[in-house]
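What follows is calculated from the coordinates using simple rules that are stated; it is not laboratory data. This structure is a prediction, so every number in the text was calculated from the model and none was measured. No Cβ is skipped: glycine too gets one built from the backbone with ideal geometry, and neighbour counts run over all protein chains shown.
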Amino acid sequence: MKLYLGIAWFCLFLLLALVGCSDEDERRQERREGDRQGPVVIGPGDRYDTHSSRTDRGDREEREGRERDEREGRRGGEYDRVRDVQMTGYRVRPASSPVLDRFDLAMQGVHIQHSPIHITNPGTSTFTARATEGDINTFLNGRAHRGNLGVRNIHMAFSKQQVQTTALVMMNNREVTAVSTGTLRPDGGTRIIYVPATIMVGDTALPAAAQQDILQQINPVIDLQSLPCAPQLKNVTLGKGEVMLSGTATPKNLP
């Protein structure tokens with residue numbers, strides 16, 4: 001019941017944007033409804049912004065609907081209108097994954113239909129997301145502590161070309177620093193994994209079992225599976241101190 005009530009409010013927000021609210025009223029409504037509907041559409045986070053914009057297709061369908069009503073002698077047309085909706089979530093928290101500093105969801109061709117009021121799934125949805133080096137390291141070290149595999153102080157440093165990773169591991173009954181250089185890549189549609197070259201201690205490669213212990217505590221670096229908009233990762237772009245993700249999405253909670 002709460003889900004359907006939330007969807008109804010989201011539909012009402014989109015409808016109000018179409019039927020004559022002033023720009024200032026629309027902005028206030030967008031902020032309120034973004035805060036209300038962000039957790040339902042994107043996932044849990046600190047705050048949300050929502051904006052809608054007219055489309056040529058929407059304007060054409062609205063005009064055709066009015067003309068049809070006039071021909072049939074009706075008032076108050078019951079026809080679809082189409083808008084593009086941009087929703088941004090800040091500090092979004094997928095389950096079992098680092099916090100995402102920002103998550104942008106672009107829903108294109110969202111239909112608003114009357115009698116009864118509802119919206120249909122957008123024809124195309126895409127997303128971009130940003131995760132910071134600090135948030136990833138905080139998450140990884142919390143997981144390593146719980147894993148109890150003798151791996152701690154994991155640190156990933158991002159640059160535009162690569163990821164450098166260090167960790168303290170137990171080797172021959174003493175703690176040593178393992179170092180590796182690698183990259184991040186999508187895995188299975190919702191996960192990002194770290195793929196290193198050889199993990200080294202000094203000039204010596206770690207035994208395979210020890211390398212697996214480290215990777216078990218690192219991977220997946222990010223997992224978006226729990227987000228309700230059903231993101232599917234396509235691209236990963238490294239930057240200084242951050243990683244950018246992008247792909248497609250299918251918001252599940254749009255009827």
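A few points about this structure:
- ³J(HN,Hα), Karplus 6.51/-1.76/1.60, whole Hz, each residue of the stretch 170-185, x for Gly, Pro: 8, 9, 6, 6, 9, 8, 10, 9, 9, 10, 8, 10, x, 8, 10, 8
- Phi to ³J(HN,Hα) by Karplus 6.51 cos²θ - 1.76 cosθ + 1.60 over the stretch 201-210, Hz, x for Gly, Pro: 10, x, 9, 10, 6, 5, x, 4, 5, 5
- The residues neighbouring Leu238, those whose beta-carbon lies less than 14 Å from its own, together hold a net charge of +2 under the Lys/Arg +1, Asp/Glu -1 convention.
- Cα gyration tensor shape of the stretch 122-255, rounded if a/c is under 1.5, else prolate or oblate by comparing a/b with b/c: prolate
- In the stretch 205-255, one over the average inverse separation of all distinct C-alpha pairs is 13.6 Å, which is the Kirkwood hydrodynamic radius.
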